[in-house]
Structure formats: C-alpha cells, structure tokens
Amino acid sequence: MKIKLFAVFLLFFLVGCKSSYQTVSFEKQNIPAAPNYADESSWAVLPTKYSDGLKRYSAVDIENLKADVFYVYPTLLMDKKDVRWNAPIDDANQNNAIINTAVENQASPFATSGKIYVPIYRQAHIKSYDLYAKGGKEAFEIAYKDVKEAFEYYLKKYNNGRPIIIASHSQGTNHTTQLLKDFFDAKPLQNRLIAAYIVGMGIKQNEFKTIEPMIKPNETGGFVSWNTRKKGTYPKNKTVYNGAVTTNPITWDTSKKTTLDQHKGFLYSNGKMYAKAIKVEITDGMVWSSNPKFPMRFFMSFMKNYHIGDINLFWQDIKENVALRTKTWLEKN
C-alpha cells in the first residue's frame, strides 16, 4: 500500500521529536548479510525491473534512453524502538518503502532522462547520526561499502560507457558525496558525468577538487544541492548550512527569489502535479519555501523542516532540468 506523503511528513516530524533511542552496542556478529549485486534481488530497480509506480513516470521506450541514473535513497530505518544499526537487504518493510515511497517520489523525475539503477544497501539507522561515536560510524561505513560495491558492479556489468546522472537524498547524499570523490573527482569518469543531484545535506562549495557547483540550467559535469525549510525558520544550529551550496531548484541559476508562476510542479502522493504551488527564497545555505498549495497544506503549516520534500516539492522542475542537462551533454559529446 502506498504511503501517503502527508503521513510520511508526519512520521518525519514525530521521529524528529525528542526521545531516546532503544539501542544495543554495535557488534560485528550482528551485521546483516552483505548484498550480492550480481543477484537482481539486491537491486530495487534495474532497467529490466521497474515497479508499476516508476513505470508511470518513465520513458515509453526505456531501451532508447542514452543516459543512466544511479540513485541512492534516503534514511528509511527510523523507528526509535528498532535496535538494529543497519537494515538487512531482505527486510520486506524496508524494501516496500524503498520502491513505493523513495523510488516513486524521488527517482521518478529522472526516469525520462536515463535508465534507473537503485541498489538496495544496508542503510544506517537514523540514530547513527546522533550516536556516531557509539556505533554510527561503523553503520555508515557498512552502508557506504554496499553503495560503492553496487556502483562498481554497475560500471562493470551495465554502464557500457554511457553518461551518468547521480541522484540522491539525505543519507543517500552522504554516500554519493563519497562516491563522487572515489570515482569521479579529478578522475576520467568525470567526463561522463552529466550532473549530480545530491540533495538534503549541506555540501560545501569546495567539497570536491574538480566537480563544481552548477549555476546555469544547462551546465553539465557538476553538482546541484539544496536543503528546504519553511520560510523564516532555522534549524537549532542556525549556522549549520552556512556556506553550503544552495541551488535554486526552480530557476537553476543564481536567482535569490522566485514567484508562484515560475514553479513547475510538486508531485503529491495522489499522483497529481500541483504547479504554481510554491515560491522560494535562497538564504543562509537554505531554500526557504512558502507553504505549498496542495490538498494537505494544513498539515505542513505546522512544519518548519521540509527536508522530506526536498525532491517532491520541485518534481517537475527537476524533471525538466535533468532533461535539459542530458540533452546538452549528448549534443556536446
């Protein structure tokens, strides 16, 4: 059953409230079994394995797409009563959330520009951020090990010299940032990087050696990033995003403000697109958003952090932009 977006918003809000995690010490013998990326069951999405939800947004003829999209999903292991540090790749509830929530809402805007690849990885529990020195570091290392191995297998088995789009959100962006450093930054593979959409984390201007922030809608070979909050609000640490790259996800240039008319579309969980739904202001490393105009906007009026909607809120804007960058790259190469 598809998780309604407002319920996901509410879940994220509740998890963010103060309460202690139920946890155990990190022990190697409790690490879930590693995935085998030669086995299709270790992938949530392959070009031959699209979910019905993703098919609704994909190109009619996937085989004719000239680019690939490697997408890494955000944290879905969030239950504070769950003592696990990493999610097993055969966890049915997790895999349902990967396909029917993360992929359908976040990988979908890329589906008309490239073939989608989504590895299932032993993601770290959300507590790993707060308890980084008490097991979180090891949990993140396991998660990244999977993402790296999946990408290596993808390059060997599936890529065949095709251009690549990297897409990610939140914890996924932690992993793709390192992936870009290991495989693209100041390396030959950067020549095949169309763009990296690494969203939901504070990425600094000088994070990479040669991969630059993109400040024009048709630029290629660089990255875009942003963090979305309700206009006028700040995280507890008001300076946490200072100096972070803040792409305008509506104009894709250096514009500091937008109007409702410029917004192309917010994808809601009912499958409908709501255009002219938000306007944004770029400030202090954040995208400040107005309260979106959509059926459940009342619930969002209580929220300050729009992190969970970093991609959904700009779904159509992203779709059109990635298509432009892909077209531009293909015409030049």
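The values are calculated or read from the model by the stated rules, or taken from the named source; none is laboratory data. Keep in mind that what you see is a predicted model, and the values were worked out from it rather than measured. Backbone-built Cβ (ideal geometry, glycine too); neighbour counts: all protein chains shown.
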>> Could you tell me how many of the residues in the stretch 103-157 are touching an Asp or Glu at 6+ places or on another chain (Cβ under 9 Å), in a helix (DSSP H, G or I) and small (G, A, S)?
In response: 2
> Which members of the stretch 48-57 meet the condition of being in a loop (DSSP other than H, G, I, E, B), closer than 29 Å to K145 by Cα and not β-branched (V, I, T)?
Replying inline: Y50, S51
>> With in contact (Cβ under 8 Å) with a residue 60 or more places away in the chain and farther than 12 Å from I282 by Cα as the only criterion, which of T228, T259, T239, T233 stands out?
In response: T233
> With (1) crowded, with 16+ Cβ neighbours inside 10 Å; (2) in contact (Cβ under 8 Å) with a residue 40 or more places away in the chain as the list, and Q205 as the residue in question, which single condition is left unmet?
Replying inline: (1)
> Got at least one residue in the stretch 191-204 being part of a helix (DSSP H, G or I) and of a type outside the set (A, V, I, L, M)?
Replying inline: yes
>> So, in the stretch 68-98, how many residues would count as being buried (at least 22 other Cβ atoms within 10 Å of the Cβ) and in a helix (DSSP H, G or I)?
In response: 1
> Which of the residues belonging to the stretch 20-47 are surrounded by 10 or more Cβ atoms within 10 Å (Cβ to Cβ), of a type in the set (S, T, N, Q) and part of a loop (DSSP other than H, G, I, E, B)?
Replying inline: Q22, T23, N36
>> I want to confirm something. Restricting to the stretch 160-187 and keeping residues that are surrounded by fewer than 18 Cβ atoms within 10 Å (Cβ to Cβ) and under 21 Å from L65 (Cβ atoms), which single residue is nearest to the chain's Cα centre (by Cα)?
In response: R162
> Residue check, W252 against (1) of a type in the set (A, V, I, L, M, F, W, C); (2) over 16 Å from the mean Cα position of the chain (by Cα); (3) modelled with pLDDT under 95, all met but one. Which one?
Replying inline: (3)
> Can you name the residue in the stretch 262-294 that is touching a residue at least 60 places away in the same chain (Cβ under 8 Å), more than 23 Å from A244 (Cβ to Cβ) and surrounded by 18 or more Cβ atoms within 10 Å (Cβ to Cβ) and, of all such residues, is nearest to the chain's Cα centre (by Cα)?
Replying inline: L267
